[in-house]
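Trainee: What follows is a structure written as structure tokens; I'll ask about it next.
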Amino acid sequence: MADASRQRQRDVAVLGGAETEIVPEDLRSIPEMVLEAVAGALDDAAVQWEDVDAIVTASVDLFDGLTASSIAVTEVVGAVLKPETRIAADGMAAAIHAVHQIAAGAYGTVLVVAHGKASMAPHWDLTEWAMDPVYLQPLGVDFLTVAGLQANLIADSNRVGRCASLGDGACAVVLSSSVPSGAAVITGTGHDLDAHYPGDRDLSTWSGLQRAAGRAYEQAGVRDPATAFAVAEPSCMFPHEEGLFVEATAIGKNTPLSPSGGLMEGTAPIVSGLTRLLAAARAIEGNPGRRALAHGAWGPAGQGHAVAIVEAT
Amino acid sequence: MTAAKPELVSVTLDLDMTWRYASGDPMDRFLNGVAKGRLEALRCPECDTRYLPPRPFCGRCNVAMDEWGPVSDTGTLIAWTVVHLSIIDGRTGEPRPSPYGMGLVQLDGADTTLNHYLDTADPDRLSIGARVKAVWRDELRGAMDDIIHFEVVP
């Protein structure tokens, strides 16, 4: 008997979404920047504030320099006197949380919002503090260093010489149990968190993504990932990660990767995965039966992975 | 009798980082007004609530606000407490001298309350509903502590 949790869940529609332009420094405050994305998403989804039953936000205290960093956005995400959940991980993980809320029947329509401002503090310096304080922080190990370890394991030519340009941005997506005709629906999700200590993992693969994608494929009924997707939208911050992504998801060489442009030209921490979900949904909307794969990642060298399969109705 | 447990090794990490917060349009205007001794609130066009401190968006009505109105530096004490614990002052890194008073003040011209210090020279005068007035610094810099504290109006 199949594990009940892996059975296909209730379809959840991506009603709409919006993102702010990624800029090296957005001079607006966090709530002003987030409001642009939220207002744009509600408009794009053709829903009103009162149609939103619950809110899931993604932000990281360390990056914002705030404890409970969602307090900056409570009003502008419409969470006053409503249920709000904050996820301290990439926006795709927040989207998956919202999908579960809807699939469980807890809420009908959920707004997912992610924000990040890399301009507020030196980002890679901050990531050092996300590492274990006993064995890693005293050595100054940060996310960039671990990405370098991973890049050199894969191929000599894939040294970390280039990284996605990090800036400021926000993204908001409206998910709902009501599915308009032609809408993109999320038919499968998967999520995985690998060991934190880099030495405890096989850094030559994104095995966490392989497990996350496997769970999503099982839910969505994807049997041959090499031919299943019209588009894949990965969250790759470094060039070497594309190879890891293709191998872990088994999407094959012919699936178009990041036709929307991907993250290399600019992204914001925490926001990336949610923008991939939006890009994947937009790529297939109106083409019934077409599928796309969207991916979010977080932590050192892809410790956390989240995958959503979207399919056009 | 059991032997005392030996002390475990502890690792000390000194973390030092600076984050820069963009204040946003309403806070920018508010603090520039404070630098001139002027207090202003933002009014919600839907529910008419006059917010002080001002913020860009009314969370009750889900609507942006851009209508400013003047606020007096005199108001009513809605809640108060006297803190006797020396807590670290985020601005200086040093313990804040205690005791000090902390209150929620509804200034005339605002519908929400401002969180600020209270003069505790005569704590017996602090009471809910008391009329209080801002005591300003001699030199204003456009910061929340340009008001030293609120004192009960005689």
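Trainee: Among all residue pairs at least 6 apart or on different chains, which show Cβ distances below 7 Å where the first residue, located in the range A:118-135, is closer than 16 Å to A:Val146 by Cα and the second is open to solvent by 60 Å² or more (accessible area, probe 1.4 Å) and in a loop (DSSP other than H, G, I, E, B)?
Mentor: Short answer, once both residue conditions are applied: A:Trp129/B:Leu15; A:Asp132/A:Tyr197; A:Pro133/B:Val11; A:Pro133/B:Leu13.
Trainee: Same structure, new question: State all residues of the range A:164-203 that are of a type in the set (A, V, I, L, M), assigned to a strand (DSSP E or B) and either touching a Lys or Arg at 6+ places or on another chain (Cβ under 9 Å) or open to solvent by less than 10 Å² (accessible area, probe 1.4 Å) (or both); if no residue qualifies, say none.
Mentor: Those that are of a type in the set (A, V, I, L, M), assigned to a strand (DSSP E or B) and either touching a Lys or Arg at 6+ places or on another chain (Cβ under 9 Å) or open to solvent by less than 10 Å² (accessible area, probe 1.4 Å) (or both): A:Ala170, A:Ala172, A:Val173, A:Val174, A:Leu175, A:Ala184, A:Val185, A:Ile186.
Trainee: When you scan the range A:2-20, do you find a residue that is within 14 Å of another protein chain (Cβ to nearest Cβ), surrounded by fewer than 18 Cβ atoms within 10 Å (Cβ to Cβ) and within 29 Å of B:Cys44 (Cβ to Cβ), even just one?
Mentor: No.
Trainee: Within the range A:49-58, is even one residue within 14 Å of chain B (Cβ to nearest Cβ), part of a helix (DSSP H, G or I) and either in contact with a helix residue (DSSP H, G or I) (Cβ under 6 Å, 6 or more places away or on another chain) or over 27 Å from A:Val185 (Cβ atoms) (or both)?
Mentor: Checked against the condition, which is being within 14 Å of chain B (Cβ to nearest Cβ), part of a helix (DSSP H, G or I) and either in contact with a helix residue (DSSP H, G or I) (Cβ under 6 Å, 6 or more places away or on another chain) or over 27 Å from A:Val185 (Cβ atoms) (or both), the range A:49-58 yields no hits at all.
Trainee: Failed condition for A:Thr227, given (1) modelled with pLDDT under 95; (2) open to solvent by 20 Å² or more (accessible area, probe 1.4 Å), with all others met?
Mentor: (1)
Trainee: Please find, among B:Arg29, B:Arg55, B:Arg20, the residue that is more than 7 Å from chain A (Cβ to nearest Cβ), at pLDDT 90 or above and open to solvent by 40 Å² or more (accessible area, probe 1.4 Å).
Mentor: Working: B:Arg55 fails: more than 7 Å from chain A (Cβ to nearest Cβ); B:Arg20 fails: more than 7 Å from chain A (Cβ to nearest Cβ).
Of the residues listed, the single one that is more than 7 Å from chain A (Cβ to nearest Cβ), at pLDDT 90 or above and open to solvent by 40 Å² or more (accessible area, probe 1.4 Å) is B:Arg29.
Trainee: Return a yes/no flag: does the range B:59-74 have any residue that is part of a loop (DSSP other than H, G, I, E, B), open to solvent by 60 Å² or more (accessible area, probe 1.4 Å) and free of Cβ contacts under 8 Å to residues at least 12 places away in the same chain.
Mentor: No, every residue in the range B:59-74 fails to be part of a loop (DSSP other than H, G, I, E, B), open to solvent by 60 Å² or more (accessible area, probe 1.4 Å) and free of Cβ contacts under 8 Å to residues at least 12 places away in the same chain.
Trainee: Would you mind stating whether B:Leu15 is aliphatic (A, V, I, L, M) and away from chain A (no Cβ under 11 Å)?
Mentor: no
Trainee: Which residues, taken from the range A:31-51, are more than 18 Å from B:Ala64 (Cα to Cα) and open to solvent by less than 30 Å² (accessible area, probe 1.4 Å)?
Mentor: A:Ala45
Trainee: Among the residues of the range A:80-90, count how many are closer than 18 Å to B:Arg55 by Cβ and either away from chain B (no Cβ under 14 Å) or more than 21 Å from the chain's Cα centre (by Cα) (or both).
Mentor: 3
Trainee: Can you find, within the range A:84-136, the residue that is nearest to A:Gly169 (Cα to Cα) among those that are part of a strand (DSSP E or B) and hydrophobic (A, V, I, L, M, F, W, C)?
Mentor: A:Ala114
Trainee: Report yes if some residue within the range A:63-82 is in a strand (DSSP E or B) and of a type in the set (Lys, Arg); otherwise report no.
Mentor: Step one: list which residues in the range A:63-82 are in a strand (DSSP E or B), which gives none.
The answer is no, given that none of the residues of the range A:63-82 is in a strand (DSSP E or B) and of a type in the set (Lys, Arg).
Trainee: Okay, next question. For residues that are outside any loop (DSSP other than H, G, I, E, B) and either open to solvent by less than 40 Å² (accessible area, probe 1.4 Å) or touching a Lys or Arg at 6+ places or on another chain (Cβ under 6 Å) (or both), tally how many sit in the range A:230-275. Explain how you work it out, then say what you get.
Mentor: So the first thing to find is which residues in the range A:230-275 are outside any loop (DSSP other than H, G, I, E, B), and the list is A:231-233, A:240-249, A:257, A:267, A:272-275.
Filter again for either open to solvent by less than 40 Å² (accessible area, probe 1.4 Å) or touching a Lys or Arg at 6+ places or on another chain (Cβ under 6 Å) (or both), leaving A:231-233, A:240-241, A:244-246, A:248-249, A:267, A:272-275.
Here the count works out to 15.
The values are calculated or read from the model by the stated rules, or taken from the named source; none is laboratory data. Bear in mind that the values here come from a model prediction, so they are computed numbers and not experimental data. When we count neighbours, we look across all protein chains shown, and the Cβ atoms used for this are built from the backbone with ideal geometry, even at glycine. Please note that ligands, DNA and RNA were not included when accessible areas were found on the heavy atoms of the full protein model with its side chains. Shrake-Rupley method; radii C 1.70, N 1.55, O 1.52, S 1.80 Å.
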